[in-house]
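> Please find one structure pasted underneath; my questions will follow.
The values are calculated or read from the model by the stated rules, or taken from the named source; none is laboratory data. Bear in mind the structure is a predicted one, so any value in this text is a computation, not a measurement. Note that each Cβ is placed from the backbone with ideal geometry, even for glycine, and that neighbours are counted across all protein chains shown.
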Amino acid sequence: MIAMNYRGPFRVRTDRNKPEPRIEHPNDAIVRVIRSCICGSDLHLYHGLVPDTRPGSTFGHEFIGEVIEVGGSVVKLKPGDHVLVPFNIACGTCSFCKQQLFGNCHESNPEATAVGGIFGYSHTAGGFDGGQAEYVRVPFADVGPEIIPSGMDPDDAVLLTDVVPTGYQAAEMGSIKKGDTVVIFGAGPIGIMAAKCSWLFGAGRVIVIDHLEYRLDFVRNYAQCEAYNFRSIGDPVLFLKKATDFYGADVCIDAVGCEAAGSALQTITGRKMLLQAGSATALHWAINSVKKGGILSIVGVYGPTGNLIPIGNVVNKGITIRANQASVKRLLPKLIDHVQSGRIDPKAIITHRIPLEEVADAYHIFSAKRDYCIKPILIPPSARA
Amino acid sequence: MENSEERFKHIKGWGIDAPSLYELTYPMKHYTGDDHQRLNYERTEQQPVNDEILVSNERPRMTTVFGTTVPPSGLSGKIRRKAFKYSEGSYGHWLPLILADRIQVIEALIDDVKNGYFPNLFKERGLAAEWKYNRNGMIRNTIIRVGLIAAAAIIIAKRKTVQAQNSD
């Protein structure tokens with residue numbers, strides 16, 4: 001089959017003869033991929049920042065498709081069903097899954113305990129092949145996959161596998177109260193969605209900080225929020241203090257993660273020398289911009305070692321930090337309703353529809369922010385027919 | 001939970017402010033008390049282990065399912081096996097894994113050539129897209145890089161010439 005093949009940092013290619021996946025557990029399903037996305041966190045893999053990312057792996061944790069085969073114990077799905085597949089692989093029976101922490105499943109990733117299994121996200125997340133391929137193995141088929149509601153646009157459905165739930169949960173973890181000022185660092189797909197969703201919780205003011213003008217323009221229009229370029233406002237922390245009557249934001253959201261720009265020290269030590277788990281610039285700014293007693297919500301992805309952040313200020317300001325991988329399955333019923341009712345329009349953030357065979361170009365365009373790229377999706381040949 | 005109330009009944013007011021509604025992570029976590037069961041939950045059928053799968057030493061057993069892509073092999077595999085002797089809280093775990101990743105890039109390149117496949121590095125790096133969308137920048141960067149390499153080569157050549165003259 002055709003599949004994306006990681007060859008090393010900044011190098012991927014399309015394989016045309018990768019063996020098709022097979023049922024390896026009675027609750028597996030094999031899904032023919034119809035749409036898959038490249039996620040901003042795939043770029044951390046692409047840039048070689050995530051340990052245990054082995055050449056030969058296929059990335060892709062955001063995908064939808066058609067079930068073509070199911071294992072012997074699968075009862076909820078049958079061949080022919082069209083499903084959206086949450087990026088987290090969850091067993092549904094461990095203590096964490098029972099408490100709806102589906103992003104923290106303890107039975108899907110032998111190689112680490114801190115993170116549950118994730119499709120196509122290195123061996124640190126379980127060593128599963130991902131959906132940037134024609135076919136993919138989906139474990140726990142009775143637990144994660146959700147049948148796509150009839151009439152739902154596939155482009156909307158594929159963004160419900162990660163982008164919308166992660167953006168929504170970022171806002172949810174902020175415990176936003178009516179009238180709150182919410183500051184979001186990062187105008188990538190997740191930051192854009194977090195801005196949009198912050199209004200659903202009653203935010204009184206939503207501010208997005210980034211350095212790419214085209215993304216700031218996009219988020220201003222898409223999420224009806226304020227957006228500022230940190231390269232033109234001076235010290236972002238001081239700017240935000242002034243913008244909030246020197247009080248600080250009620251809620252700050254880090255939607256950037258380990259490849260943040262804006263600090264030479266963080267960039268050199270985190271992204272170039274790998275002396276820390278990526279650059280923590282956005283986290284730094286968020287801690288210093290939130291009010292005393294405020295809430296910091298983190299959905300940006302960081303590596304497993306450590307980062308330079310002002311933890312003393314977290315203590316002195318009494319900040320509550322909330323963070324997690326999105327629990328997609330928990331959120332799906334609510335988010336499907338938001339999409340169907342028109343409160344969220346996910347597909348509007350898709351800027352590039354690229355054939356799977358051109359995956360190397362797709363990664364470069366997204367990574368280098370070429371052609372005003374916000375969200376690229378990959379379409380396998382069988383889905384184009 | 002019933003046992004806990006019995007166990008702490010001698011402490012006046014024990015647990016009075018701890019209903020699940022005040023779970024700090026609510027509504028992200030629907031507290032059920034299952035945490036107190038630890039890992040003693042009912043597991044589904046075990047996926048057969050047919051390939052080498054490295055397991056975190058912070059786990060008592062193999063997980064119910066796991067990915068089977070790219071089992072450890074070669075020098076990088078040896079390093080990975082060593083790394084898994086250390087816990088996830090240790091640099092001894094993560095830094096060797098990054099080293100193994102880099103070594104496996106070379107191993108994969110050698111395998112490609114052995115199999116008669118010569119990777120198109122220009123294409124794999126997506127430079128066709130760079131040429132399409134950032135042609136001027138690409139030309140500028142190439143000129144700068146070539147210039148720097150040429151300058152470095154000239155400096156090294158001159159130093160060697162001077163050293164040779166001094167030794168004469």
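> All but one of (1) within 14 Å of chain B (Cβ to nearest Cβ); (2) farther than 22 Å from B:GLN47 by Cα hold for A:ILE64; which doesn't?
It is condition (1) that A:ILE64 fails.
> Output the residues belonging to region A:7-33 that are outside any loop (DSSP other than H, G, I, E, B) and either surrounded by fewer than 23 Cβ atoms within 10 Å (Cβ to Cβ) or at the interface with another protein chain (Cβ under 9 Å from one of its Cβ atoms) (or both).
Once the filter is applied, which keeps residues that are outside any loop (DSSP other than H, G, I, E, B) and either surrounded by fewer than 23 Cβ atoms within 10 Å (Cβ to Cβ) or at the interface with another protein chain (Cβ under 9 Å from one of its Cβ atoms) (or both), region A:7-33 yields A:ARG7, A:GLY8, A:ARG11, A:VAL12, A:ARG13, A:THR14, A:ASP15, A:ILE30, A:ARG32.
> Moving on. Filter region A:341-385 for residues that are over 15 Å from A:ILE34 (Cα atoms) and among the polar types (S, T, N, Q); which is modelled with the lowest pLDDT?
If we take residues in region A:341-385 being over 15 Å from A:ILE34 (Cα atoms) and among the polar types (S, T, N, Q), then A:SER341 is modelled with the lowest pLDDT.
> Then there is this: Quick test for you: out of A:SER367, A:SER297, A:SER327, pick the one residue that is among the small types (Gly, Ala, Ser), more than 30 Å from A:THR267 (Cβ to Cβ), within 13 Å of chain B (Cβ to nearest Cβ) and buried (at least 17 other Cβ atoms within 10 Å of the Cβ).
Among A:SER367, A:SER297, A:SER327, only A:SER327 is among the small types (Gly, Ala, Ser), more than 30 Å from A:THR267 (Cβ to Cβ), within 13 Å of chain B (Cβ to nearest Cβ) and buried (at least 17 other Cβ atoms within 10 Å of the Cβ).
> Any idea which of (1) surrounded by 20 or more Cβ atoms within 10 Å (Cβ to Cβ); (2) within 14 Å of another protein chain (Cβ to nearest Cβ); (3) within 18 Å of the chain's Cα centre (by Cα) is the one A:THR351 doesn't satisfy?
It fails just one condition, (1).
> Can you name every residue in region A:107-134 that is more than 7 Å from chain B (Cβ to nearest Cβ) and more than 30 Å from A:PRO381 (Cβ to Cβ)?
Residues satisfying the conditions are A:VAL115, A:GLY116, A:THR124.
> Mind checking which residues of region A:34-47 are within 12 Å of chain B (Cβ to nearest Cβ) and assigned to a strand (DSSP E or B)?
Passing the criteria: none in range.
> Looking at (1) in a helix (DSSP H, G or I); (2) within 9 Å of another protein chain (Cβ to nearest Cβ); (3) within 30 Å of A:ASN109 (Cβ to Cβ), which one does B:GLY67 not meet, given that it meets all the others?
Only one criterion in (1) in a helix (DSSP H, G or I); (2) within 9 Å of another protein chain (Cβ to nearest Cβ); (3) within 30 Å of A:ASN109 (Cβ to Cβ) is unmet by B:GLY67, namely (1).
> Looking at region B:90-168, what helices (runs of 4 or more DSSP H) fall wholly within it and have at least 2 residues that are more than 27 Å from the chain's Cα centre (by Cα)?
The helices (runs of 4 or more DSSP H) meeting that bar are B:127-133, B:135-167.
> Right, something else. Considering only region A:79-98, how many residues are at the interface with another protein chain (Cβ under 9 Å from one of its Cβ atoms), surrounded by 22 or more Cβ atoms within 10 Å (Cβ to Cβ) and part of a loop (DSSP other than H, G, I, E, B)?
Of the residues in region A:79-98, 2 are at the interface with another protein chain (Cβ under 9 Å from one of its Cβ atoms), surrounded by 22 or more Cβ atoms within 10 Å (Cβ to Cβ) and part of a loop (DSSP other than H, G, I, E, B).
> Now for a separate question. If I ask for residues that are at the interface with chain A (Cβ under 8 Å from one of its Cβ atoms) and free of Cβ contacts under 8 Å to residues at least 24 places away in the same chain, which ones from region B:47-64 would you list?
Within region B:47-64, B:GLN47, B:PRO48, B:ILE53, B:ARG59, B:MET62, B:THR63, B:THR64 meet the criteria.
> Considering region B:1-40 alone, what residues qualify as being at pLDDT below 80, within 14 Å of chain A (Cβ to nearest Cβ) and assigned to a helix (DSSP H, G or I)?
Answer for region B:1-40, where residues must be at pLDDT below 80, within 14 Å of chain A (Cβ to nearest Cβ) and assigned to a helix (DSSP H, G or I): B:SER20, B:LEU21, B:TYR22.
> Another question about this same structure. Give the residue that is nearest to the other protein chains (Cβ to nearest Cβ), with candidates limited to residues of region A:158-181 that are surrounded by fewer than 24 Cβ atoms within 10 Å (Cβ to Cβ) and small (Gly, Ala, Ser).
The extreme case among them is A:SER175.
> A further question follows. Which residues, counting only those in region A:56-74, are under 11 Å from A:TYR6 (Cβ atoms) and surrounded by fewer than 23 Cβ atoms within 10 Å (Cβ to Cβ)?
Result: A:GLY56, single match.
> OK, next. Got at least one residue in region A:365-377 being more than 22 Å from B:ASN134 (Cβ to Cβ), part of a helix (DSSP H, G or I) and not hydrophobic (A, V, I, L, M, F, W, C)?
No, the conditions are met nowhere in region A:365-377.
> In region A:59-78, which residue that is in a strand (DSSP E or B) and β-branched (Val, Ile, Thr) is nearest to the chain's Cα centre (by Cα)?
The qualifying residue nearest to the chain's Cα centre (by Cα) is A:ILE64.
> Inspect region B:76-95 for any residue being surrounded by 15 or more Cβ atoms within 10 Å (Cβ to Cβ) and in contact with a Phe, Trp or Tyr (Cβ under 7 Å, 6 or more places away or on another chain) and give the result as yes or no.
So far as region B:76-95 goes, yes, one or more of its residues are surrounded by 15 or more Cβ atoms within 10 Å (Cβ to Cβ) and in contact with a Phe, Trp or Tyr (Cβ under 7 Å, 6 or more places away or on another chain).
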